[in-house]
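The values are calculated or read from the model by the stated rules, or taken from the named source; none is laboratory data. Everything numeric in this text was worked out from a predicted model, so none of it was measured. Glycine gets a Cβ as well: all are built from the backbone with ideal geometry, and neighbour counts include every protein chain shown. Accessible surface is based on the protein model in full, side chains and every heavy atom, while ligands, DNA and RNA are left aside. Shrake-Rupley method; radii C 1.70, N 1.55, O 1.52, S 1.80 Å.
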Amino acid sequence: MSNVASNHFDVIIAGAGVAGLTSAAAAASRGLRVALVSSGPGTFVFGAGCVEIQNMNSKTPSLAEAIAFFCKLTDLAGCGFYGAIDEHRYIPTILGSFQAVSLAPFYMWNGDPSASNEVAVVGIKGLSSFNSQFIAERLATHASDLGQSAAYVAKEIALSVEPGAIPGTLRFGHRYDREPRFREELRNALKPIASNVDLIALPGILGLKSGRKEIEWLERELGCMICEIPTLPPSIPGLRLFNRLEVHLRKIGVEFFLGFPIQQLLIKEGRCKGVLLETPGRPQKITSETLILATGQFSGKLLPTPSFSFTTDLRPVDSTGAVIADNIFAAGAILQNTPAHAGNAIAILTGYVCGMAAAGVGAQYAQGSQG
Amino acid sequence: MRKDRKDEVSLDNCLKCTDCNTACPVVTAHPAYPGPKRLGPELERMRREGIECDTEWVEYCLGCHRCDLACPNQVNVSELIARAKAAHKKTPVRRLRDFWLARPGLLGKLNTIVPEVTNFSLGLKPVRKLMSMFMKITPERKFPAYTKPDLRTPNVVAMNKGERVVFFPGCFIQYNQPELGRRVLELLELNGFQPEVASTGCCGVPSLANGNSEEAYKRATANVNSMMEAVNSGARIVTACSSCGHMLKTGFAHLLEDDPDLATKAAKIAANTYDLAELLVAQQDAGKFNTRFAPATATLKLAYHAPCHQKSQGIGRPWYHLLRQVPGVEIEDLNAGCCGMSGTFGFKEEKYPVSMEVGGELFAAISATAPQAVVTECATCQMQIEHGTGFKAVHPAIVLLNAYATDAKQYSFTADTSGKPKDDNMPSCA
Amino acid sequence: MERTQVVIIGGGATGAGILWDLSLRQIPAVLLEQKDLANGATGRCHGLLHSGGRYAVKDAEAAKECLEENKIIKHIAPHCVEATGGLFVKCHQDDPKFFDQWFDSCKHIGISTKRLSADEALELEPNLPPDIVGAFTCPDAHVDVFQLTLSNIESAVARGAKFKTYCQVNAIDIDHGKVKGVRYRDTLTGEQDYISCDMVINAAGGWAEKVAQMAGVEVPVRCDKGTLLVLNHRLSSRVINRCRKPGDADILVPAGPVCILGTSSITVPGPEGLTVSPEEIQYLLRLGTELVPALAEARVLRSFSGVRPLYAPKSVSGAGGREISRGFALLDHESIENVKGFVSIVGGKLTTYRLMAKAVCDLVSKKLGVHEPCSTHEVLLRPRRDKAAFQTALLLLARPVAEKAERRLGANLVKIVKAIKERPELAEVVCECEQVTRAELEYVLGDETLIPAKTITDVGRRTRLGFGPCQGTFCGYRAMLAGFQMQRWSAAEACAQFEQYLDERWKGQSWINQGKQVEQLYLSRDLFGVSYNFHEEEGR
Ligand SMILES: Cc1cc2nc3c(=O)[nH]c(=O)nc-3n(C[C@H](O)[C@H](O)[C@H](O)COP(=O)(O)OP(=O)(O)OC[C@H]3O[C@@H](n4cnc5c(N)ncnc54)[C@H](O)[C@@H]3O)c2cc1C
Ligand SMILES: Cc1cc2nc3c(=O)[nH]c(=O)nc-3n(C[C@H](O)[C@H](O)[C@H](O)COP(=O)(O)OP(=O)(O)OC[C@H]3O[C@@H](n4cnc5c(N)ncnc54)[C@H](O)[C@@H]3O)c2cc1C
Ligand code: SF4
Ligand code: SF4
C-alpha cells in the first residue's frame, strides 16, 4: 500500500452487507486500495449469515471459487464457515424449525439433527424471548419429519443478572466479550447438562467480538458440541460475523467510511468518478477508478435511471440496454432478481465476481443476468 | 417545538433493527441503560403523543453519535436524545454543576484571570472533595490546567503569502492549550496557508451536552456572525478539535434553523469548515502537502485513537494516514471504541464509573499496544486516556510539526494536567 | 342446554352497549360474537368522538345527538377518551360561504366553537399548511374503540352477563312466529351449540342483513366501505377536520401514539373480503396532504377498511353513501313482519352507540315487562383510577409504560403491579412500540381477566401490541411464546397462531407501496419466511 493520505481509491465499495464485505476482501486481496462506504452494517443484526445455495451448483461459473474465497475469508476473520456447494444441512431456529443451509459458521454448523443423538436446548432464566421448551418440542417434531431420530430435551440455566438489567442477548453477548468471570459462570452452569448430551443448542450469546478461540474454549471445557440459535434482533452471531469481518478487512487495508449514505454517484460521460457521501457540513467526495454497488434491496434509486437491469459482468444497464457507466458493477440484493432464500449465496458470488472485476480479473456471473 | 421537519421524517425511518443499541458504548458499560433505540425514536413517538417520558437516563448519553453512524436508516438518534436532554428536569445541585460545565468559556475566562491560583486550587485535594460534595464533580479527576490565553494571529511580517484560513481554536485550546494553538498555526504556515485566529469563544458543544440549548444558541449566533466575513471572502475555517469541528459542521445549523438568515450563514460556515487533518489531506490530493520531513533517527511507536466526533464527521482517518508518512513513525489505529469521557460527562460524579467502564476497551487496547504515546486530536480524550492508562496522549499535530526539519524549536508538550506545563521528553523521532 | 333471556348477536360497540344496558336493568343476556370484540366496523373506524361539527350544516338532528353523546361518553368513560379537542380548518381552496354557515349552525345547535386566526391555528398545530385562512375549534375527541367496547362488556360481565367470542350464530330458531333460541358454532373448535332465549337482538352491523335473513326478515343494509391510513406518529395533537362539505380524507385523528387519516366512501357488496388498492392509498394521501402537508413524507404503517352499515330502505337506496342518513334505525320485527322476539338495530355511529343501545333496550324492556329505566348515561363504565396502584407502578416501570398500562387497565393495574412485584421479570417491555409489559401480556392471556384473549390478534385489541411500526414482527413472537408458556396453546398451536397473525399483519401493510413500511414488511417476511423457514409460501 502506498503511503499517502488521499481520498482517491482504486475501488469504492458501497454497502457493508455480505456482498460489499466479500467484494472488499476480494479487491483488497488483489492489492487494490479499497474504500468501503456504507450507511450502516448489512442485515447481520437479523440473522447469522447462513448460506443456502439454490438453483446453482458446482457448474455455476465462479461459484466454487467464490465459496472457497468466502470460507477462507471468514476463517481468517475467526468466524469460519463450514460447508460446500452441494452440501445440505439443517440448523435450528427460534421457531423450532430447521433452516436448510449449505454453508454456516462453525458455531452453528453442528445444529444438524443428523450430527447428534441427544440434544439439550438450553434457555436462560429471564431471557423470555427464548423458550427452550417450545423450541425443543418443535425441533423434535421437525427432526422426525426429516427422518432423524435425535432427541431434544429442554433445559434452563440461571445466570447472574446485574442490578437494573433485564436479561437480553445483547447484554449477555457483551458480557461474554468483556468478563472472563461471566464466561466461567456460563461454563459452570452448562457443565452438568453437557455430560448427558452431545449437543447443546443455546441462544446466540457467545460474544459480539469473540472468535474461534473464545468459542471453542467453551466447547472444549464442556466436552460437547455447541450450536447457537440466533434470536430476534439483535442476533449476536450475525453481529459477530460483521465485527470480525470488519476488523479483518481493516487489517488488510480496507478504508472504512461507515455511517454515511451515498448521496450521489458522480457519473459523467459514461464513467463514474466517485461518490458524494452525506456527511456533516458538506458532502464528502471520494473518488475511484471503479465503483461496486452493493447497497442492498432498496437502493436502486441511487442509479440515475428508474429502471435498470444488469449485464452478465454485472454492470447496470438502463432500459435501452446501454451501460450506465462502464466502471460501475453491482453485487448482492440490489440485483433484485435474487430470491431472498438464496440472498447470501448470490451476495457472495456476485460480491466476489465484482471485487475481482475491479482488479481486472475476469470472472463471469451467468446466473442472474436479467438483461 | 416541532419545527425540524428533517427529524420528523428521521423518526419514521426506524425499522427497530437495534443496530444502534449494539453500537452504543453506554449500553456496553451500563446494564440498565435503555439504549438509543428506546431513548430516541421509540420514546419520541410517545413524547409526541404528549406522554411524560422524562427520564434520568438521557443524561447518560455521551452524545458520541455512534448510534447515528450505526443506524442504516438515517434516524437522527442522538439528536432526538439531545432534545430530550435539553428538556430534562434536573435537581438543583446538578443544575449548578451543569451550569458551569456548560460554560467552559466563562469558566476559562474566570480561571485564566489568575491561572496560577486556579490551577493551585483545582489541584488541591480538599478543593476537589468540596467540588464533589457541592457540585457533584468527581474527586477522581484532575482538572485541566488553565493558562493565560495569548493565542493571536501570527505576525504578518513573518508570514508567507498563502491561502487565507481562519483557525477556530475553541475553548480548550484557547484556555488550556494555547501552546498547541500556536503549533497548529505554524503547521498551517508550513503547508502554505496564511492562518489567522478567529476571534470567537466556545463552540457550544459543552452547553448542548449539558442540556443547555439556550446557551448553545447564544454561542452559535456569536460564532456564526464573527466568522461570516472571512468565509464570505473565500477563506476556509480550520479546527483542530474534533468536537468543535463537528459542532461547526452540524450543530450550528441545527441550533439556528428557526432563523432563516442565521441558518443560511450557519450552512455556509459548515460547508467551509475543515478539520486540520482533512485540510492537509486535501492539500496532499492537490499535491501541496509539505513532506520535507527530517530523516528518522529512531522509531516512534504511536497508537491512534479516533475521537467519536472525528468519526462522525465522515472524513476517514486523515491523521492516521498523514502520520504514517512521517519517517520513523509506526502508528496503529486502535479502533477500540469510545474513550468514555465525552467532554464534561466524565467529570460528573455519578457518571464517572460509567465513563471509566466505557473507556475500558480502549484502555486495554492501549496497554496491549504499549506505544510511546497515544495520539488523538480531542483534548478530553487525551485527558481520559492519560487518566485511564497512564500513557501520554498528545495531539497528532504536535507529532507532525516535530517531524519537519525546521529550526522551529522542538515543541515540548505534556498532557500531564496536574500543574504548570513542564518540559519533558516529547514524541519525536527526528 | 344453556338458557338466557336475551341473545345479542354482534360484539361491536352497539352490541356491547346493549349488553351493559341490559345488565344494568337486570335482564339476563348473552352476547355472541363470531370473532373477537370490535371485529367489525367498531374496530375499523376512525375513533372520532364526534362533537357534531361534521354534521352541523347538513343534519342538525344527527349533530345534536353527537354533541349530547360526546358529553356523556366523556363522563362515563373518561379512560377511553382523550379530549384532544378539534379544529375545523378553513383552507383557502374551499368555499368561504360554508365557513360562515358552519359557524352559525354550530352556534345554533350549541356546539361550542371559537374562531382562530391562521396564526393562532398554526401556533396550535404547526403541521397545518401555512396558507390556511383560519380555523374553528370544537370539542371533538378521540375514543379508544377497543377499550370502549371492552369496558362495556367487562362491566356487564361483572354484573352477570355473558360474552362469548368466536361464536358465530348460524341459525335463529323460530317456532310459530316466535324466537326460541339461536344456534351457533365455535369457530375455533368447530363445535355447534344452542342457546334458548326469549329474544334475539341483531346488532351485527354490516352483517345485519344476513342475520335478519336467518329470521326470515329483510333488513336492507348498504355497506359503505371506508379506508383509513395509520401514520407512524402524531402529526397533530387535535382532531383536524376540513371545514367544508364532508368529503374524502378530510379528517386526521390523533389516536395514541399514531394518527389516522380517512376516509373514503365506496359501496361494497358486503362487510367481508375488503381490499385496498395502492391507488386508493395514494388518493387519500394526496387529499390529506392538502390539509396536513407533512403527510407527504410521513410513514404510513398500515391501511385498513371497514364498512359503515347504512340502513337503506328501498326508497333511498339510489343515494350515494354519504347521502344516506348516518342516523340509526331500530326495527321491531314483531310489529313489521310479525316475528316475535326479534329486533334489529342498524346504522348510526360509534359516537351514538349508547343512544342506540338505549333505544333497543327500552323496547326490549317494554316487551319483557321490565320497568327499570336506562341509566347508562350516568353509571361510570369503570371505577375511578386507582392512584395508589399507579404510584406503585411508577416505582416498577418507566413512566410511559406505567401511564399506558394505567389507561388500558384502570383498576386492574393493581393486578399487574402485584404480578411484577412477585416476578420482577414481568416488567420487561415486550411490545416496544406500544409499551406493553410482559405482565400485561400475561394478564390478557390469562384467566384472571373476564374476557381472555384467544389469539394474538385479540391480544392486540386489548393492549395495542403489534400496532406500532414493527407491526407485530417482534412482539408477535413474544406473545406467541407467552401463550405457549401459559398453556393457552400447545407448541404446534402457538406456531399456527403466529403464522395466522403474521399473515393478517402482512396483509394490512401489503397495499402500501411506498416508504419505510415496505422495507419493514420485507424485513418481517425475510426474517420469518427465509431465516426461520417459516410460512414459506408467503415469504415471497
Ligand atoms: C431479516 C432477513 C433475513 C434474511 N435471512 C437470510 C437467510 O437466512 N439466508 C439468506 O441466504 N439470505 C437471507 N436474507 C437475505 C440476505 O440477507 C440478503 O439477500 C443478502 O445479505 C444481501 O446482501 P447485500 O450485501 O446485497 O445487502 P445488505 O445486507 O442489505 O447490505 C446493504 C448495505 O448497503 C448499505 N447501503 C444502502 N443504501 C446505501 C447508500 N445509499 N449509501 C451507502 N450505503 C448504503 C446498507 O447500510 C448495507 O450496509 C435475509 C434478509 C433479511 C432482511
Ligand atoms: C371507515 C369508518 C370510519 C368510521 N369513523 C367513525 C368515527 O370516527 N366516529 C364514529 O362515531 N363512527 C365512525 N364510523 C361508524 C362506526 O364505526 C360504526 O357505526 C359502529 O362502529 C358500528 O358498530 P356496530 O357495533 O353497530 O357494528 P360492528 O362494529 O360492525 O359490529 C358488528 C359485529 O357483529 C359481528 N357479527 C356479524 N355477524 C355475526 C354472527 N352471525 N354471529 C356473531 N357475530 C356476528 C361482527 O363480527 C361484528 O363484530 C366509521 C365507520 C367506518 C367504516
Ligand atoms: S450518542 Fe452515543 S452514548 Fe448516546 S445513545 Fe448514541 S451511541 Fe449511546
Ligand atoms: S439503528 Fe436506526 S432503524 Fe435500527 S433501531 Fe436504531 S434507530 Fe431504529
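In terms of the Cα gyration tensor, with a ≥ b ≥ c the square roots of its eigenvalues, is chain C rounded because a/c is under 1.5, prolate because a/b exceeds b/c, or oblate?
Rounded shape, in that the Cα axes give a/c under 1.5.
Taking only Cα atoms, what is the 0 to 90° angle, nearest 10, from helix A:63-77's long axis to the longest principal axis of chain A?
For helix A:63-77, the angle is close to 60 degrees.
Mind checking the dipole of chain C: about its Cα centre, +1 per Lys or Arg Cβ, -1 per Asp or Glu Cβ, Debye to the nearest 20?
920
State in Å² the accessible area per residue of the protein assembly as shown; use a 1.4 Å probe, count heavy atoms of protein chains only, and round to the nearest integer.
36
Of the chymotrypsin sites (Phe, Trp or Tyr not before Pro) in segment C:429-509, which ones lie in a loop per DSSP and count no more than 15 other C-beta atoms within 10 Å?
In loop regions of segment C:429-509 (DSSP not H, G, I, E or B), there are no sparsely surrounded chymotrypsin sites (Phe, Trp or Tyr not before Pro).
List the trypsin sites (Lys or Arg not before Pro) within segment A:78-161 that fall in a DSSP loop (any state other than H, G, I, E or B) and whose Cβ has at most 16 other Cβ atoms within 10 Å.
A:Lys125
Using a 1.4 angstrom probe with every protein chain in place, what is the largest-first accessible-area order of B:Thr250, C:Thr473, B:Thr91?
Result, largest first: B:Thr91, B:Thr250, C:Thr473.
If you take the accessible area of B alone, add that of A alone, and subtract the area of the pair, what total do you get in Å², probe 1.4 Å, to the nearest 100?
3200
Determine the share of chain A's accessible area contributed by carbon and sulfur atoms, expressed in whole percent, with a 1.4 angstrom probe.
Result for chain A: 49 percent of the exposed heavy-atom area is carbon or sulfur.
Give me the net charge for the shell around C:Gly110: Cβ to Cβ below 10 angstrom, other residues only, Lys and Arg +1, Asp and Glu -1.
Result for the neighbourhood of C:Gly110: +1.
Quick one: dipole size for chain A, taken about the Cα centre, charges +1 on Lys/Arg Cβ and -1 on Asp/Glu Cβ, in debye to the nearest 20.
Roughly 880 debye, rounded to the nearest 20.
Within a 10 angstrom radius of each residue's Cβ in B:276-288, how many Cβ atoms of other chains show up on average? Whole number is fine.
Per residue, the average neighbour count from other chains is 2.
If you average the sequence gap of Cα pairs under 8 Å that are 6 or more apart and divide by the length of chain C, what percent do you get for the contact order?
Value for chain C: 16 percent.
Using Cα atoms only, what is the angle between the long axis of helix A:169-178 and the major principal axis of chain A, expressed in degrees (0 to 90) to the nearest 10?
The angle comes out near 90 degrees.
To one decimal place, what orientation-averaged projected area in nm² is obtained for the convex hull of the Cα set of segment A:88-231?
Mean orientational projected area (segment A:88-231, Cα hull): 7.7 nm².
Given C-alpha coordinates of segment B:11-86, what is the ratio Rg to Rh with the Kirkwood estimate of Rh?
0.92
Excluding residues on the same chain fewer than 8 positions from B:Lys392, give the lysines whose Cα lies under 20 Å from its Cα.
B:Lys142, B:Lys301, B:Lys420, B:Lys422
Calculate the mean, over all residues of peptide A:239-249, of how many other protein chain Cβ atoms lie within 10 angstrom of the residue's Cβ.
Across A:239-249, the average partner-chain Cβ count within 10 Å equals 1.
To check you understand DSSP bridge types, tell me what percent of the beta bridges within chain C (both residues inside) are antiparallel, rounded to 5.
Around 75 percent antiparallel, to the nearest 5.
Got the relative contact order for segment A:88-231 handy, in percent, Cα pairs under 8 Å and 6 or more residues apart?
Over segment A:88-231, the number comes to 29 percent.
Pop out the carbon and sulfur fraction of the accessible area of chain C as a percent, whole number, probe 1.4 Å.
50
Put +1 on the Cβ of every Lys and Arg and -1 on every Asp and Glu Cβ in the protein assembly as shown; which of C:Leu48, B:Gly328, C:Leu465 then has its Cα farthest towards the positive end of the dipole?
The one lying farthest along the dipole's positive direction is B:Gly328.
How much accessible area is lost when chains B and C come together, counting both sides, with a 1.4 Å probe, in Å² rounded to the nearest 100?
Summing both sides, the interface buries roughly 2500 Å².
Test of the criteria: in segment C:1-107, which GluC sites (Glu not before Pro) are in a DSSP loop and have at most 12 other Cβ atoms within 10 angstrom of their Cβ?
Sparse-neighbourhood loop GluC sites (Glu not before Pro): none present.
Quick one: buried accessible area between A and C, total over both chains, 1.4 angstrom probe, nearest 100 Å²?
2600
Let me confirm one metric for peptide A:164-176, namely the mean number of other chain beta-carbon atoms within 10 Å of its residues' beta-carbons.
Averaged over the peptide's residues, the number is 4.
Net charge around A:His88, counting only other residues with Cβ within less than 10 Å of its Cβ (Lys, Arg = +1; Asp, Glu = -1)?
Once positives and negatives cancel, what remains is -3.
Give me the distance between the Cα centres of segment A:195-220 and segment B:163-228, rounded to whole Å.
51
Compute the separation of the alpha-carbon centres of segment C:114-191 and segment C:336-375 and state it in Å as a whole number.
Centre-to-centre (Cα) distance: 18 Å.
As an exercise, take the mean of 1/r over every pair of distinct alpha carbons in the protein assembly as shown, invert it, and state the Kirkwood radius in angstroms.
34.0
Under the definition of Cα pairs under 8 Å and six or more residues apart, what whole-number percent is the relative contact order of segment C:428-530?
22
Given the protein assembly as shown, what percent of its DSSP beta bridges are antiparallel, to the nearest 5?
50
Among all the lysines, which ones have a C-alpha under 25 Å from C:Lys97's C-alpha, if same-chain residues fewer than 8 places away are not counted?
Partners within reach: C:Lys58, C:Lys64, C:Lys107, C:Lys114, C:Lys245.
What net charge do the residues around B:Ser243 carry, taking every other residue with its C-beta under 14 Å from that of B:Ser243, with Lys and Arg at +1 and Asp and Glu at -1?
+1
Which pairs break 30 Å Cα to Cα here: A:Lys251/B:Lys351; C:Lys349/C:Lys415; C:Lys180/C:Lys225; A:Lys251/A:Lys285; A:Lys59/A:Lys209; B:Lys218/B:Lys311?
From A:Lys251/B:Lys351; C:Lys349/C:Lys415; C:Lys180/C:Lys225; A:Lys251/A:Lys285; A:Lys59/A:Lys209; B:Lys218/B:Lys311, over 30 Å: A:Lys251/B:Lys351; C:Lys349/C:Lys415; C:Lys180/C:Lys225; A:Lys59/A:Lys209.
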